[in-house]
Each structure stands twice: as structure tokens, then as C-alpha cells.
Amino acid sequence: MIYRFLMLLTLLSSNYLIGDLMKPTSLSKDLYSNTILNGNYLDTISHPDNFLDFDYGTRVASPYQIENAIRAYAQQSDRLKVIEYGKTHEGRTLFALYISSPENLTNLDNIQKSIAKLSDARSTSDREAKSLIESLPATAWMAYSIHGNETSGADAALGIIYHLIASKDNSVTNMLDNMIVIVDPMMNPDGRDRFVKSLEQYRGTAPNYDDQSLLHSGDWPYARTNHYYFDLNRDWFYLTQPETQGRVPLINKWRPQILVDGHEMGAQDTFMTGPPREPINTNIDRDLIKWGNVFADDQAKAFDDNNWRFYTGEWHEDLYPGYSFYIQFRGSLGILYEQSRMSEDGVRRPEGTIQSYKESVHHQFVSTLANLKTLEKHTKAMYQDFWDGRKYNVSKNSEFANQTFVVLPTENIGRLNTFAKKLQAQDIEIYLNTKPIQTKSALKQTGDSQENYVIPAGSMIIPNLQPEAPLIAAILEFDAEIIESVLEEERRQTLKNGSSIMYDTTAFNLTMMYGLEAVTVQENIQGNLSKWEPSKIDNTINKDALMWAVNGIDDRSVAFAARLMELGIEVRIIDKESILSDQNLPRGSVVVIEMDNPNFENLSSVVGSVASDLSISVVSIDSGFGPEELPDWGGRHFRLLERPQIALMAQQNFSSYDVGVSWWSLDHHLGIRHSMVNGSSVSYGDLTRYNTIIMPSGYQGLSNSEMSSIRDWVKQGGTLIAHNGSSRSLASENGIGSVRQISSTFDKSEAYNMDLQREFGALSVEIDMQKVNENKVDFEVEYPWEVSKNKFNKAQLEMRDKWQSLFMPSGAIVAGRIDNEHWLTFGTIDTLPVLYGNNPVLMTSNNSEAAVRVGQIIENKEATTYRTINWSDMPPNTDLNVKMSGLVWPEASQRIANSAYLTRERVGRGQVILFSGEPNFRGAALGTSRLWLNAVVYGAGLGTSPRIDP
Ligand SMILES: [Zn+2]
């Protein structure tokens with residue numbers, strides 16, 4: 001009864017357009033007269049209309065209305081079991097509805113056990129498998145509206161739930177006797193709620209059929225994404241958001257035979273479904289493509305019967321494993337729906353007709369029933385194929401058998417634990433070697449092989465020969481194979497019209513995204529391993545110590561510093577490795593010194609409790625003496641930090657994804673106070689409240705007056721951190737500081753090259769003592785720009801750059817070489833994988849520092865002279881690795897070689913820090929995210945002039 005009362009409330013509050021407004025001449029609910037719910041239904045189950053303040057399907061149901069219906073149905077039906085699998089950031093419940101015969105619903109545990117048995121061919125025989133396949137019901141996971149403004153799916157789901165639990169038709173009840181349908185009706189309720197609110201706000205009296213109107217488009221940050229503006233359909237193996245973190249383990253437990261993912265696309269489109277076109281990730285079992293065609297065939301017939309237009313394939317590819325299609329690597333068939341997006345009312349099309357919202361709901365509804373029917377027909381044959389696939393995965397003859405992935409030991413315990421959690425959520429088995437392991441050879445992340453490689457003790461070992469082999473290969477192989485015909489077509493499109501057939505990033509290797517060093521060994525390593533466990537935390541505190549420290553390699557040390565500073569504690573950072581009281585403290589280690597905090601009560605216990613909140617080990621130190629030349633506690637390497645007071649620019653002109661992930665990173669990694677501010681407020685707001693301003697990637701630069709406010713603020717001591725598009729505008733003539741984009745540097749290329757040669761020279765100093773001690777002038781001194789061949793003049797460089805810029809990556813991983821003395825690179829490995837897209841190519845000169853540059857320097861004994869790449873010269877005996885993973889055309893490698901990924905420049909009393917890319921990409925680029933955390937938390941203390949209160 002509660003829901004009826006709630007419904008009454010909804011009705012009362014829905015008179016939102018009252019007063020002196022004219023009635024419209026027609027209503028959108030009259031556009032489409034077909035009935036969606038046209039079965040014979042039980043009276044005991046409430047029709048969806050009862051939960052809505054409009055006729056079912058004619059408008060967008062709110063998350064609140066859908067939730068009310070679900071809770072009521074849980075009471076009304078014995079064909080339904082409701083699971084709450086998570087809560088969103090905004091506190092909304094995530095539901096999975098198990099719909100089946102009452103008998104099956106009492107037997108769910110056994111069914112799950114049988115599915116688990118059928119999935120592990122190491123402990124199940126063919127005979128057992130045969131009887132499991134005979135007895136198992138079909139399983140389907142039907143999921144909708146992961147993008148909040150793609151609403152028709154969830155509305156269809158509401159009808160599907162009702163149809164399945166209320167129908168008296170034998171075709172439905174017989175199906176449920178042999179099938180468990182799991183409906184995940186609304187995968188992103190926070191986004192949907194934002195969209196429902198915007199529909200409410202932009203609704204006038206008359207229906208609106210113009211897909212350009214705000215009613216249809218919504219506005220910044222748009223409702224596609226979740227609370228932190230994450231695209232949840234890119235998060236299925238990165239697993240950063242509560243929606244995916246709740247959903248994936250449940251799906252993985254069920255291993256549904258099909259997973260339907262109901263979306264919407266451009267308003268003027270029709271309807272698209274699978275199977276996908278190339279590129280298709282080569283680790284996917286090709287049997288699934290076969291089944292994809294079988295399902296599409298039946299679905300197409302259903303559309304034909306209704307006179308509805310549709311298509312398959314076209315732009316639907318399947319290389320990136322972070323879509324809902326991650327389940328294809330686990331043996332389930334993924335089916336994508338893309339319905340043209342009506343928002344509400346309907347959309348007028350070029351042929352003059354109006355397609356109504358209700359029809360779009362009907363398309364999703366009919367597709368769902370068609371797919372369930374196909375599954376009913378073919379479930380046994382699909383189980384057989386599934387079983388064959390599972391046997392193949394653990395067979396000694398599989399393509400995965402002789403391959404093992406190894407993550408090398410690291411002191412970055414926090415990051416390694418996170419990595420392990422993501423793998424374990426996918427049922428991937430991980431091990432530890434307590435002794436070194438000799439191998440024939442190992443492939444490194446940069447593509448080089450090393451013969452007779454010894455895996456050091458304490459590595460994380462992930463044999464590919466295990467039940468989830470295809471998924472392991474997809475996310476841990478260094479490079480996803482893209483077939484030649486796809487590359488040819490990509491190049492053709494790029495040259496002809498500058499477009500790409502790649503729908504997402506072409507690189508996604510998880511160790512590289514995480515900035516963890518790893519190797520691949522072409523053999524199966526399985527003996528003498530123990531189960532991997534997270535290392536033990538020790539934060540016992542000696543309260544009489546002089547100081548307490550945490551290891552600076554561990555990412556959590558940054559949060560440790562930030563949180564202590566917010567509590568008013570003075571914190572220092574050691575910018576050069578030291579050993580105190582026999583404790584090794586790598587550069588970037590954070591220390592709290594009793595002497596710095598004379599008036600802080602319970603200092604040691606606060607330090608201990610902050611460390612234990614972060615699960616990071618603390619060491620207590622009794623002596624400030626670093627032996628021999630190592631830093632001591634009173635010297636210049638123990639640098640005082642300053643509490644960051646952070647503003648994050650947001651709203652129009654900034655990428656909502658990059659704003660969202662920056663915002664999430666502050667809350668997720670640090671949990672300290674900060675302000676999201678309207679980007680346009682910089683010219684009138686009080687910027688002195690902040691000492692650190694973050695400018696996420698922006699679409700257009702600041703106006704002149706905004707730029708000058710920010711410039712003044714920097715000069716007075718501010719730390720300005722910018723990403724991608726915003727870095728592009730700051731690196732222009734009207735920007736701040738001396739960093740420039742490459743296209744404007746060709747008249748000074750020699751000067752840029754000279755700066756670079758200084759860096760190269762400092763990396764490997766070789767002295768000829770005889771020449772140094774010679775009194776006479778040496779007439780034969782070599783200068784790099786004189787000995788290198790193939791130098792290019794300005795006109796040539798400009799031509800090359802214009803051509804090369806056509807080939808910029810659409811999301812690939814390139815090698816970053818770090819300045820390992822720079823504070824921005826604390827906690828970072830020497831060759832840092834960096835995600836690179838169509839970013840600004842940044843150039844530093846004398847005043848500005850490149851903390852990370854593109855390209856790993858490797859040895860090449862055959863290169864006997866300086867060699868030129870565009871503007872830069874590589875010294876003798878060297879080569880440069882640029883590409884690490886994904887599609888990087890040779891032209892792009894040349895263009896970005898030796899440019900800066902991360903720059904830092906002193907401006908007045910403050911500084912400007914520019915990232916060429918988006919360092920926190922999808923919350924999963926933990927390698928570059930660490931650079932960003934260093935900038936945000938340490939920037940105010942390390943890069944600016946200290947403030948002393950008079
Ligand atoms: Zn979508």
C-alpha cells in the first residue's frame with residue numbers, strides 16, 4: 001500500500017505547469033497508439049501505470065518511480081526475487097531482479113554452484129558437464145540505461161518486469177520454468193535522475209520534437225555519466241565506481257549466457273544491434289560472433305514484422321575490453337542495443353515524420369523479448385559451446401597456455417593492492433614467488449626482450465593458463481592485436497577525411513595504466529608459487545621518537561601528507577633518498593617531526609590513526625643523522641610542505657569527464673577539502689583563498705581578462721595545474737609562462753635542441769681526462785647540432801609537422817622518461833607509460849622544466865653518429881622507444897618524440913604545471929595520476945616561494 005500513497009504524492013506534485021499558460025494544440029502521448037503491454041495479465045500485479053503520473057511508455061519514469069515499482073513487485077510476485085547489489089554515490093539503490101519460476105527461485109544457490117562447476121574445466125569432467133548442461137536453466141542478464149540520458153531502456157525494463165511476472169500466457173510461464181532472467185533495470189540512477197530533473201526544467205506547454213532543444217540535449221555536465229561524471233560503460237574492468245564494483249561480481253557469479261546492454265544513440269538514427277564489426281579483440285571466442293548473428297537474425301525478424309528500421313555492425317566495434325562486453329572474454333554473449341534517442345515527446349526526422357518516445361521504448365521491449373526467445377531455443381547448444389571454451393582456456397594446447405604475466409616487486413604497496421583487487425574481482429588467480437625464477441626470455445613493457453631473464457622473488461605471478469584466460473590476455477597483454485585490414489582502413493580514413501574507425505582507446509593494458517613494471521614470459525609458470533596476499537601493515541608507533549615517516553614510493557603517502565596538513569600538522573618531505581635509524585626512506589618519503597609541531601597535542605597518536613585509516617606502514621625514527629653523504633633532518637632535503645587550498649575549475653568550456661575524474665581523484669585518493677568553482681568566476685572571484693588551482697581539460701581558452709587574473713594570481717605565489725586542452729591555451733602566445741606548442745617553435749628549433757642536448761649530456765657524462773687537462777685549445781671539439789645529418793630547416797619542419805599531426809593517436813600508451821630528481825616524479829617508475837591522444841605537443845625552453853618527456857632512451861651500438869628526429873638530435877649509441885601499446889603511427893612517434901608530457905615553470909613567486917594529457921584518465925591511469933597528486937599536494941610547498949607570516 002505504501003506505493004499507492006507515494007503515487008498519490010507524485011500526482012499531487014506533478015502539476016508543474018499551471019497558471020496563465022495556453023493549452024497546446026496537440027499532445028505527444030497521442031503520437032503512437034500501439035500498446036506495449038498487450039498480454040493477459042494477473043490482476044494481483046499492479047500495472048506500471050500505477051506507479052507513474054503518465055501512461056506507461058509515454059514519458060521518462062524517474063528512478064524514484066521505478067524503485068517504487070520494484071519494491072511493490074517484490075511483495076506481489078512469487079516469480080521475482082529482488083537483489084540490492086550496491087548504492088550509488090548519491091545513495092540510490094542498484095537493483096538486480098531475478099525473474100523465474102517459483103521453483104527455480106528457491107534453488108538459486110544450487111544453480112549458481114552448477115554454473116561455477118561448468119566454468120572450471122580443471123575439476124569437471126565431460127560427463128559431469130553433460131549432465132550440468134542438461135539440468136541448468138538458461139540465464140540472461142538484461143541491463144539498461146547505463147547512460148543516464150539514454151532513458152528508453154529502463155522504461156522498457158519496467159514493462160519487461162511486469163510482463164514476465166504478471167503474464168498468464170503459457171509462452172511466458174514455460175519460458176520461466178527453464179530460464180532465469182535477471183533484469184538490471186537502471187544501471188545509472190544518478191545520471192537518470194539528473195536527466196529527469198532537466199526534462200522537468202526545460203519543459204514548456206507544447207511538446208517539443210526538435211532534437212536540438214535543451215529538452216533533448218540537457219546541459220553541462222549532461223546526464224550520460226554518474227555522480228562524478230564517469231562513463232560507466234568504460235569502467236567494466238577498471239572498476240572504479242560503486243555501480244560497476246557492485247554489478248560485476250554479481251554478473252561474474254552468474255556467468256549469464258547473454259548480457260543485453262540497452263543504450264541510445266543519435267536522435268536521427270534508427271536502431272542498431274550486434275554483432276560488432278572489426279576491430280574485434282582477438283582474445284574473444286569466435287563462437288560468440290556466430291551466436292551474435294543468430295540472435296540478430298531473430299531480432300531483425302521481430303523488427304521487420306513491426307515495420308521498424310534497424311541495422312547491425314557499422315560503428316559497433318569491440319577492441320576495448322572495458323565495455324559491458326568484457327563478459328565476452330568470460331564466455332558470455334554480449335548484445336548491444338542502440339536506440340535513437342527521443343528524450344521525451346519524440347523527434348522530427350528529415351522525412352517529416354515524428355518518432356515518438358513510446359515507440360523507442362517499444363523497440364527495446366520487443367528486442368528484449370526476441371532475445372529471450374532466441375536464448376530459450378538455443379540455450380543447450382550455447383552451454384555446450386561455453387563448456388568447450390572453458391576446456392580450451394585451461395588446455396595445454398591453447399594459445400594462452402605458454403604465457404605468464406609478471407608484475408615486478410614494488411614498494412608501492414597501495415597501488416599493487418588496488419591492482420590485485422581488480423584482478424580478483426574478475427576471478428583471476430594471482431600468485432607470489434618466494435624465490436627467483438629462471439626463464440628463457442622475457443618481454444618488457446617497452447617491447448624489448450631479454451634472454452635468460454630471472455624473475456625476482458616477491459613478484460606477482462599471473463599464469464595465463466587458467467579459467468579466465470581470454471580476459472587475462474585482453475587486459476594484461478602489452479599490445480592488443482589489430483588486424484592489418486583494420487589498420488589499412490584506419491589509415492585510409494585518416495588520410496581521406498581525418499576520421500578514425502577506432503571507437504575508444506587502442507591501449508588499455510592494466511599494468512601500464514597503473515604504472516607498474518611488468519614482464520611477459522612465454523612459458524607457463526605454475527610450480528613453487530604461493531597464493532598472493534597483500535603485505536602486512538605495520539603502524540606501531542613509538543611515541544618518544546624524533547619523527548615518524550612513511551615510504552614515499554607508496555601513493556598513500558601523498559594522502560598521508562595531505563590529511564595531516566589539513567589537521568594543522570607541519571609535514572616535511574625528503575626530496576633525496578636517505579637512511580635514518582636504519583630505515584630506508586626513498587625520495588618523496590613524508591616525515592612528521594616532533595620539533596616542527598611543539599604545540600600539537602597527541603601528535604604521535606594522530607599520526608598513527610591517519611596512517612591506519614590509509615592502511616600504510618609508519619616507521620618511528622630516533623636519529624636525524626643520515627650516514628655519510630645522505631641527507632640529515634636539518635638539511636635542505638627535508639623540505640617543509642604547505643597545505644594546499646584547492647580550487648577545481650568546472651562548468652561550461654571544461655570537459656565534464658576530466659572535471660569529474662579530477663574531482664573524484666581528490667575525494668577518492670585524498671579526501672581533503674576543496675572547492676569546485678565556476679571557471680568563469682576567475683575574473684571576479686577572490687582567488688587569494690586558494691594556493692592551488694586545477695584547470696581540467698578545456699575546449700576554449702580563457703578570455704584575456706580571465707587570463708590576466710590567473711597570471712597575477714600565479715605571480716603572487718599560486719600553483720596552477722592544467723590538463724590537455726587547458727594546457728594548450730596556456731602554452732600559447734597569450735598564455736602564461738614560456739612553454740609552447742610545437743607548431744610555434746620552429747623558428748627556434750636549434751635553441752630547443754640545445755636545451756635537450758644539455759639534458760642528454762647530463763644523463764651520461766663521459767670525460768676524456770687527457771683532453772680536459774690539455775692546455776692548448778682543442779680545434780676538434782664536437783657539437784651535436786654540427787655533426788648530426790639530415791637537419792631540417794623551418795619550412796621543412798612546418799611541412800612535416802602539418803603532415804604528422806594528421807596521425808596523432810586516438811588513445812595509445814607511449815613511454816615517458818622521467819626526471820628522477822624532480823619532485824613531481826616522486827613514486828614514479830623510470831619509464832612511465834603515459835596515455836597519449838590528440839594532446840598538445842609541449843616544448844620547454846631554458847626557464848621551464850620537463851619532468852616527464854616522451855620517449856625511453858635505449859642503447860643502440862650501431863648508431864655511431866647523432867641522428868635527427870624533426871627538431872631533436874639523438875646522441876650516438878642511442879635509440880628512442882616511443883610506442884608502448886596501441887596504435888601509434890610512425891609519423892606520430894616522430895612528432896611527439898622528446899616533447900614534454902609534464903612541464904613545470906616558475907612564474908613570479910608561483911608556478912605553472914602543464915600536463916599534455918589527462919593524468920587521471922577514467923580513474924584508472926594510476927601511473928600518471930601520481931604525478932598529478934604530487935602536483936596538487938606538494939606544489940604549494942615545493943614549487944613556490946614560502947610565505948612567512950610577519
Ligand atoms: Zn550509451
- Meets criteria (buried (at least 24 other Cβ atoms within 10 Å of the Cβ), outside any loop (DSSP other than H, G, I, E, B) and under 19 Å from the mean Cα position of the chain (by Cα)) for GLY939: no
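For the structure I just gave you, tell me whether TRP315 is of a type outside the set (Gly, Ala, Ser) and either in contact with a helix residue (DSSP H, G or I) (Cβ under 7 Å, 6 or more places away or on another chain) or open to solvent by less than 30 Å² (accessible area, probe 1.4 Å) (or both).
Details: of a type outside the set (Gly, Ala, Ser): yes; either in contact with a helix residue (DSSP H, G or I) (Cβ under 7 Å, 6 or more places away or on another chain) or open to solvent by less than 30 Å² (accessible area, probe 1.4 Å) (or both): no.
Answer is no for this residue.
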- Message: Of everything in region 270-306, what is of a type in the set (Phe, Trp, Tyr) and within 22 Å of GLY389 (Cβ to Cβ)? Give them in sequence order.
- Response: TRP291, PHE295
- Query: Residue check, ILE461 against (1) modelled with pLDDT of 95 or more; (2) open to solvent by 10 Å² or more (accessible area, probe 1.4 Å); (3) not in a loop (DSSP other than H, G, I, E, B), all met but one. Which one?
  - Reply: (2)
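Given VAL777, VAL781, VAL772, which one is of a type outside the set (Asp, Glu), more than 35 Å from the chain's Cα centre (by Cα) and in a helix (DSSP H, G or I)?
Values: VAL777 fails: in a helix (DSSP H, G or I); VAL781 fails: in a helix (DSSP H, G or I).
Result: VAL772 is the single residue among VAL777, VAL781, VAL772 that is of a type outside the set (Asp, Glu), more than 35 Å from the chain's Cα centre (by Cα) and in a helix (DSSP H, G or I).
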- Message: Any residue that is modelled with pLDDT of 95 or more, closer than 30 Å to ILE182 by Cα, open to solvent by 20 Å² or more (accessible area, probe 1.4 Å) and in a helix (DSSP H, G or I) - is there at least one of those in region 426-448?
- Response: no
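Let's see how each residue does on (1) under 30 Å from ARG800 (Cβ atoms); (2) among the polar types (S, T, N, Q):
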site: SER680; (1), (2): no, yes
site: ILE693; (1), (2): no, no
site: SER708; (1), (2): no, yes
site: ILE721; (1), (2): no, no
site: ARG728; (1), (2): yes, no
site: ILE736; (1), (2): yes, no
site: THR745; (1), (2): yes, yes
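Restrict the check to region 144-156 and report whether at least one residue is more than 34 Å from the chain's Cα centre (by Cα) and in a helix (DSSP H, G or I).
Looking through region 144-156, none of the residues is more than 34 Å from the chain's Cα centre (by Cα) and in a helix (DSSP H, G or I).
On the basis of being under 30 Å from GLU570 (Cα atoms), in contact (Cβ under 8 Å) with a residue 12 or more places away in the chain and not charged (D, E, K, R), does GLY917 make the cut?
Details: under 30 Å from GLU570 (Cα atoms): no; in contact (Cβ under 8 Å) with a residue 12 or more places away in the chain: yes; not charged (D, E, K, R): yes.
Criteria not met by GLY917.
I'm checking my understanding of the structure. Among residues of region 308-358 that are among the polar types (S, T, N, Q) and in a loop (DSSP other than H, G, I, E, B), which one is nearest to the ligand (Cβ to nearest atom)?
Looking only at region 308-358, we keep the residues that are among the polar types (S, T, N, Q), and these are 312, 324, 328, 332, 339-340, 343, 353, 355-356.
Right, trim to in a loop (DSSP other than H, G, I, E, B) and you get 332, 343, 353.
Numbers: SER332: 19, SER343: 14, THR353: 24 Å.
Result: SER343.
If only one of LEU640, LEU666 is of a type in the set (A, V, I, L, M), out of contact with any Phe, Trp or Tyr (no Cβ under 7 Å at 6 or more places or on another chain), within 18 Å of ARG563 (Cβ to Cβ) and open to solvent by 50 Å² or more (accessible area, probe 1.4 Å), which one is it?
Details: LEU666 fails: open to solvent by 50 Å² or more (accessible area, probe 1.4 Å).
Selected residue: LEU640, the only one of LEU640, LEU666 that is of a type in the set (A, V, I, L, M), out of contact with any Phe, Trp or Tyr (no Cβ under 7 Å at 6 or more places or on another chain), within 18 Å of ARG563 (Cβ to Cβ) and open to solvent by 50 Å² or more (accessible area, probe 1.4 Å).
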- Out of all the residues in region 404-415, is one or more open to solvent by 30 Å² or more (accessible area, probe 1.4 Å), touching a residue at least 24 places away in the same chain (Cβ under 8 Å) and in a helix (DSSP H, G or I)? yes
- Query: Looking at region 277-293, which of its residues are outside any helix (DSSP H, G or I), of a type outside the set (S, T, N, Q) and buried (at least 17 other Cβ atoms within 10 Å of the Cβ)?
  - Reply: PRO279, ILE280, ILE284, ASP285
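I'm trying to understand the selection: among the residues of region 670-702, which are open to solvent by 50 Å² or more (accessible area, probe 1.4 Å) and of a type outside the set (A, V, I, L, M, F, W, C)?
Kept after step one, since they are open to solvent by 50 Å² or more (accessible area, probe 1.4 Å), are these residues of region 670-702: 673, 676, 678, 680, 683-684, 686, 688-689, 699-700.
Hits for region 670-702 are ARG673, ASN678, SER680, SER683, TYR684, ASP686, THR688, ARG689, TYR699, GLN700.
Would you mind finding the one in ALA74, ALA69, ALA129, ALA116 that is part of a helix (DSSP H, G or I), among the small types (Gly, Ala, Ser), open to solvent by 50 Å² or more (accessible area, probe 1.4 Å) and away from the ligand (no atom under 16 Å from the Cβ)?
Working: ALA74 fails: open to solvent by 50 Å² or more (accessible area, probe 1.4 Å); ALA69 fails: open to solvent by 50 Å² or more (accessible area, probe 1.4 Å); ALA129 fails: open to solvent by 50 Å² or more (accessible area, probe 1.4 Å).
Result: ALA116 is the single residue among ALA74, ALA69, ALA129, ALA116 that is part of a helix (DSSP H, G or I), among the small types (Gly, Ala, Ser), open to solvent by 50 Å² or more (accessible area, probe 1.4 Å) and away from the ligand (no atom under 16 Å from the Cβ).
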- Message: On the basis of being within 16 Å of the ligand (Cβ to nearest atom), touching a helix residue (DSSP H, G or I) at 6+ places or on another chain (Cβ under 6 Å) and either in a loop (DSSP other than H, G, I, E, B) or open to solvent by less than 10 Å² (accessible area, probe 1.4 Å) (or both), does MET186 make the cut?
- Response: yes
- For ALA296, are the conditions met, namely being more than 16 Å from the ligand (Cβ to nearest atom), in contact with a Ser or Thr (Cβ under 8 Å, 6 or more places away or on another chain), open to solvent by less than 50 Å² (accessible area, probe 1.4 Å) and free of Cβ contacts under 8 Å to residues at least 40 places away in the same chain? yes
- Item | The one condition in (1) of a type in the set (A, V, I, L, M, F, W, C); (2) in contact with a helix residue (DSSP H, G or I) (Cβ under 6 Å, 6 or more places away or on another chain); (3) surrounded by fewer than 17 Cβ atoms within 10 Å (Cβ to Cβ) that MET808 fails to fulfil | (3)
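Output the residues belonging to region 248-263 that are within 14 Å of the ligand (Cβ to nearest atom) and either assigned to a loop (DSSP other than H, G, I, E, B) or crowded, with 24+ Cβ neighbours inside 10 Å (or both).
VAL260, ASP261, GLY262
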- Scanning region 205-247 for residues that are of a type outside the set (D, E, K, R), within 16 Å of the ligand (Cβ to nearest atom) and open to solvent by 30 Å² or more (accessible area, probe 1.4 Å) gives SER217, TYR222
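Check region 493-512 and report whether any residue there is over 30 Å from the mean Cα position of the chain (by Cα), closer than 30 Å to ASP575 by Cα and of a type in the set (S, T, N, Q).
Going residue by residue through region 493-512, those that are over 30 Å from the mean Cα position of the chain (by Cα) are 496.
Remaining after also requiring closer than 30 Å to ASP575 by Cα: none.
No, there is no match, as no residue in region 493-512 is over 30 Å from the mean Cα position of the chain (by Cα), closer than 30 Å to ASP575 by Cα and of a type in the set (S, T, N, Q).
Has region 142-165 got at least one residue that is within 17 Å of LYS81 (Cα to Cα), in contact with a Lys or Arg (Cβ under 6 Å, 6 or more places away or on another chain) and away from the ligand (no atom under 16 Å from the Cβ)? Steps first, answer last, please.
The initial filter retains those residues of region 142-165 that are within 17 Å of LYS81 (Cα to Cα), namely 142-143, 157-165.
In the following step, the residues that additionally are in contact with a Lys or Arg (Cβ under 6 Å, 6 or more places away or on another chain) were identified as 165.
Retained after the next criterion (residues that are away from the ligand (no atom under 16 Å from the Cβ)): 165.
Checked region 142-165: at least one residue is within 17 Å of LYS81 (Cα to Cα), in contact with a Lys or Arg (Cβ under 6 Å, 6 or more places away or on another chain) and away from the ligand (no atom under 16 Å from the Cβ).
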- Query: Residues in region 152-171: is at least one surrounded by fewer than 18 Cβ atoms within 10 Å (Cβ to Cβ) and either within 22 Å of ILE70 (Cβ to Cβ) or among the basic types (Lys, Arg) (or both)?
  - Reply: yes
- Task: Give the residues of region 886-904 that are open to solvent by less than 10 Å² (accessible area, probe 1.4 Å), touching a residue at least 60 places away in the same chain (Cβ under 8 Å) and under 22 Å from ASP819 (Cα atoms), sorted by residue number.
- Result: ILE896, ASN898, SER899, ALA900, TYR901, LEU902, THR903
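Tell me, please, whether a residue that is within 16 Å of the ligand (Cβ to nearest atom) and touching a residue at least 12 places away in the same chain (Cβ under 8 Å) can be found in region 392-403.
No, region 392-403 has no match at all.
Take the conditions of a type in the set (D, E, K, R) and under 24 Å from TRP315 (Cα atoms) and apply them to GLU451. Does it pass? Full working, then the answer.
Details: of a type in the set (D, E, K, R): yes; under 24 Å from TRP315 (Cα atoms): no.
No, not satisfied.
The values are calculated or read from the model by the stated rules, or taken from the named source; none is laboratory data. Everything numeric in this text was worked out from a predicted model, so none of it was measured. Here Cβ is always computed from backbone atoms with ideal geometry, including for glycine, and neighbour counts include all displayed protein chains. Only protein heavy atoms, including side chains, enter the accessible area calculation; ligands, DNA and RNA are left aside. Shrake-Rupley method; radii C 1.70, N 1.55, O 1.52, S 1.80 Å.
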